[in-house]
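Read through the structure below, which is laid out as structure tokens, and then see the notes.
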Amino acid sequence: MGLTELTLRDFRLFSELVVHPDPSAVTVFLSANGTGKTSVLEAVHVLATGQSFRTPAAADMVRTGHDLAEVHGVLLQGERRVQVDLTLTRGARATTKRMLVNGQRPRSRAGLAEVLPLTVFTPEGVDVVRGAPEHRRTFLTTLMTDEDPLASEVVERYARVLTQRNALLRSLEGATPNASQRAELEVWTDELVAEGMALVDLRRDVLVRLAPLVDASYEELAGEAGVVELLYEPSWTGGLAEALARAERDDRLRGRTGVGPHRDDVLVRLEGRDARRQASQGEQRSLALALRLAGHELVRRRRGVEPILLLDDVFSELDPRRADRLLAMLPGGQTLVTTASPLPTALTPGVVVDLSTVVAR
């Protein structure tokens, strides 16, 4: 499984780019910084998830001076040919996104995850260890939906209920709800508890299965034993329903729900230390890579397919010893690598694309 063709038109700084990656080996995008290497991986990520890993604003991906950008990908799933198409249209107020899989609109994130599972690691990827809780929640959400596309339904239901509850809280403007408002608030609160606990159960389950793989990947990557623990940290104590009742007055005053899975975190511990605050930069980077590689393996085991692996300028951030160990750990299937520096001698790519020869502007 893998991409056999990728086409970009007026995407970022490219007027047009067509590349043919090796679907079952390493493809390297090699050129100086500022020539669009990361944009190529970004385009693949958007095809797979509907979202950029660089920006929340779709307009940023449309080439300056243009109102329409396109990304087209062709991949093979066994004997099946699949085409994924993305169109970004810049409007006066917003940029709209239109995605098609073999000419049909996917109904949800699950439709994309089922077609094109992937794992991405960028220089900012270390934030999954040292950054804010939202980075770890996003990592879990992506992993759960890549492993089981139907998990996206739980994620989306919780997000919808949370949006509705928050809209009602804002409308109250801090006032005590009347009888009808109280009844509506109770409905949304009950649904938030039900959908929230379903989401927490999914997260806890994936962490139980992920933890031993992270521990093994870290040891192999770092070249030394180190006990890694992944502990789920709810944003409340006791039951969720009771916590929401206690927080209701504050929620009304602030116009948003202050406790729940949308505020939870995952504690990453290395040898009993909080890796976010007490691990070295080298340890944090190795842990972040171990998390991604372990997640990649979890998806492979569950789905029976090799996700596409995207590595953006990773080798420049690693010392030679860790770089060699990472190369030895690369999974089978398709890997897309960007680099501005010479390749490690142990890396033997199937395809090398020199973007410095592409006229981007």
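Where a number appears in this text, it was derived from the coordinates with a stated rule and is not lab data. Not measured: the values here are computed from a predicted model. When we count neighbours, we look across all protein chains shown, and the Cβ atoms used for this are built from the backbone with ideal geometry, even at glycine.
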For the chain, find the longest principal axis of its Cα atoms and tell me its angle to the long axis of helix 320-329, 0 to 90°, nearest 10. 80
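Can you give the % of DSSP beta bridges in the chain that are antiparallel, to the nearest 5?
On the way: 39 of 56 bridges.
That works out to approximately 70 percent antiparallel.
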What's the angle, to the nearest 10 degrees (0 to 90), between helix 281-303's Cα axis and the longest principal axis of the chain? 90
Compute the distance in nm between two label points, each set 7 Å from the Cα along the Cα-to-Cβ direction, one at GLN181 and one at THR348. 7.0
Degrees between helix 179-222 axis and first principal axis of the chain (Cα, 0 to 90, nearest 10): 40
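Calculate the FRET efficiency for GLN83 and ALA132 from the Cβ-Cβ distance with a Förster distance of 30 Å, rounded to the nearest 0.05. Kindly include the intermediate steps, with their values, before the conclusion.
Working: r = 37 Å, r/R0 = 1.22.
E between GLN83 and ALA132, to the nearest 0.05, is 0.25.
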If I model a spin label at GLU156 and ARG105 as a point 7 Å from the Cα along the Cα→Cβ vector, what separation in nanometres do I get? 1.2
Suppose every K and R has +1 on its Cβ and every D and E has -1 on its Cβ; what is the size of the dipole of the stretch 309-361 about the Cα centre, in Debye to the nearest 20? 60
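Calculate the dipole size of the chain relative to its Cα centre from +1 charges on Lys and Arg beta carbons and -1 charges on Asp and Glu beta carbons; express the result in debye to the nearest 20.
Values: 45 positive and 50 negative charges, 161 e Å.
For this selection, approximately 780 debye.
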Unit charges at the beta carbon, dipole of the chain: most positive-side option, THR4, VAL268, ASN178: ASN178
Over the stretch 196-298, calculate the relative contact order: mean separation of alpha carbon pairs under 8 Å at least 6 apart, over the residue count, as a percent. 37
Would you kindly calculate the translational diffusion coefficient of the chain, applying Stokes-Einstein with the Kirkwood radius from alpha carbon pairs, for 20 °C and a viscosity of 1.002 mPa s, and quote it in µm² s⁻¹ without decimals? 98
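Please sort 38-51, 291-304, 249-262 by packing, taking for each peptide the average over its residues of neighbouring beta carbons within 10 angstrom, highest first.
On the way: 38-51: 22.6, 291-304: 20.3, 249-262: 17.9.
Taking the mean over residues of other Cβ atoms within 10 Å, the ranking is 38-51, 291-304, 249-262.
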Figure the gain on full extension for LEU330 and HIS66 (residue separation times 0.36 nm, minus the Cα-Cα span) and round it to one decimal in nm. 91.2 nm
R0 of 30 Å, Cβ-Cβ distance VAL18-THR163: FRET efficiency to nearest 0.05: 0.15
Report the residues of the stretch 301-322 in range of a label on GLN281: point 7 Å along Cα→C-beta, backbone N strictly under 13 Å from it. 317-319
Here the FRET efficiency for ALA225 versus ALA340, based on Cβ atoms and R0 = 41 Å and rounded to 0.05, is 0.75
How large is the charge dipole for the stretch 269-361, taken about the Cα centre, if only the Cβ atoms of Lys, Arg (+1) and Asp, Glu (-1) carry charge, to the nearest 20 debye? 440
Output row, site LEU253, 7 Å Cα→C-beta label point, backbone N cut-off 16 Å, window the stretch 162-190, residues 170, 172-177
On a full-extension model of 0.36 nm per residue, what is the gain between LEU76 and ALA25, subtracting their alpha-carbon distance, rounded to one decimal in nm? 17.0 nm
Looking at the chain as a GNM with Cα springs under 10 Å, which of ALA241, ALA59, ALA151 has the largest mean-square fluctuation? ALA241
Output the relative contact order of the chain, whole-number percent, from Cα pairs under 8 angstrom with separation of 6+ residues. 27
May I ask you to evaluate 6.51 cos²θ - 1.76 cosθ + 1.60, the Karplus curve with θ = phi - 60°, for each residue of the stretch 60-71 and list the ³J(HN,Hα) values in order in whole Hz, giving x for glycine and proline? 5, 8, 8, 4, 4, x, 10, 10, 9, 10, 9, 9
